[in-house]
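Peer 1: The following block contains the structure, expressed as structure tokens.
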Amino acid sequence: MNQTAGDPSTAAAPPTTSRPPEWLELPDGFALRRRTIEHAPQVNAAVTRNLSYLQPWMPWATIAPSLARTEEMTRLGWQLWQDGSDFLYVLERSDQPGSVLGMFGLHRRVGPGAIEIGYWIDQDHTGRSLATNGAAALTEAALGLPGIERVEIHCDEANAASAAVPRKLGYRLDRIAEAPPTAPSETGRKLIWIQQRPHC
């Protein structure tokens, strides 16, 4: 998991007309689906049941959100998708639309020509390569967007589980950025992983 996954409030990017697919099929009967207002109750339940699991790494996971707050953030996420700056997904079983087993996002907040992937997985569904498979699908989708030359994954140096995802996908550790910790388990050393568009 990385710290801003599923949180559109940190987005700050110019609008664009290009969009990734709203549905991405993953291995083993899972999928990423564009997050909509209809997902709000399931998203709220997922965040609430995973709150203690998310708190060490997610600065926004301080208290269980009200359903009204989740609906507000979902509407914001919907608008950001329309604007072309953030693209939020829920992880679900392909045969159970509306189930929420995690959250993923593509965020245009890391400068021109680049996009960042965020993710977290329901605690009871970790260890099944869901974060890796979801990030792989989003990496491909992101590099298919016009103007995107680089995809980034950010995580704290101490978050070994999150760092394993870009490492498995062949991302390159570009640098370690020093920043004040924003969540209880952070060290203040942020790993910046990148994968660039291949050029012939």
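Peer 1: Which of the residues that make up segment 100-111 are under 20 Å from LEU191 (Cα atoms) and touching a residue at least 24 places away in the same chain (Cβ under 8 Å)?
Peer 2: PHE104, GLY105, LEU106, HIS107, ARG108, ARG109, VAL110
Peer 1: Return the total of residues in segment 66-89 being at pLDDT below 95 and part of a loop (DSSP other than H, G, I, E, B).
Peer 2: So the count comes out to 2.
Peer 1: Hey, among PRO59, PRO41, which residue is of a type outside the set (Ser, Thr, Tyr) and at pLDDT below 95?
Peer 2: The conditions single out PRO59.
Peer 1: Another question, if that's okay. In segment 161-179, which residues are at pLDDT 95 or above, of a type in the set (A, V, I, L, M) and over 18 Å from PHE104 (Cα atoms)?
Peer 2: Passing the criteria: LEU173, ILE176, ALA177.
Peer 1: Right, another one. Considering segment 93-117 alone, what residues qualify as being among the small types (Gly, Ala, Ser), open to solvent by 10 Å² or more (accessible area, probe 1.4 Å) and over 18 Å from VAL151 (Cβ atoms)?
Peer 2: SER94, GLY98, SER99
Peer 1: If you don't mind, another one. Which number in (1) touching a residue at least 60 places away in the same chain (Cβ under 8 Å); (2) surrounded by 14 or more Cβ atoms within 10 Å (Cβ to Cβ); (3) closer than 27 Å to LYS168 by Cα marks the one condition that VAL90 misses?
Peer 2: For VAL90, the failing item is (1).
Peer 1: I'd like the full set of residues that are open to solvent by 50 Å² or more (accessible area, probe 1.4 Å), of a type in the set (Phe, Trp, Tyr) and closer than 19 Å to ALA131 by Cα, limited to segment 29-79.
Peer 2: Scanning segment 29-79 gives a single hit, TYR53.
Peer 1: I need the full set of residues from segment 149-200 which are part of a strand (DSSP E or B), open to solvent by less than 50 Å² (accessible area, probe 1.4 Å) and without any contact (Cβ under 8 Å) to a residue 40 or more places away in the chain, in order please.
Peer 2: Hits for segment 149-200 are ALA177, LEU191.
Peer 1: Please specify each residue of segment 18-27 satisfying the condition of being open to solvent by 20 Å² or more (accessible area, probe 1.4 Å) and at pLDDT 95 or above.
Peer 2: PRO21, GLU22, TRP23, LEU24, GLU25, PRO27
Peer 1: Name the single residue that is most open to solvent (accessible area, probe 1.4 Å) among those in segment 118-148 being free of Cβ contacts under 8 Å to residues at least 60 places away in the same chain and outside any loop (DSSP other than H, G, I, E, B).
Peer 2: Checking each candidate, the answer is GLU140.
The values are calculated or read from the model by the stated rules, or taken from the named source; none is laboratory data. Predicted model, so just to flag it, every value in this text is computed and none were measured. In this analysis, Cβ positions are derived from the backbone assuming ideal geometry, glycine residues included, and neighbour counts consider all displayed protein chains. Accessible surface is based on the protein model in full, side chains and every heavy atom, while ligands, DNA and RNA are left aside. Shrake-Rupley method; radii C 1.70, N 1.55, O 1.52, S 1.80 Å.
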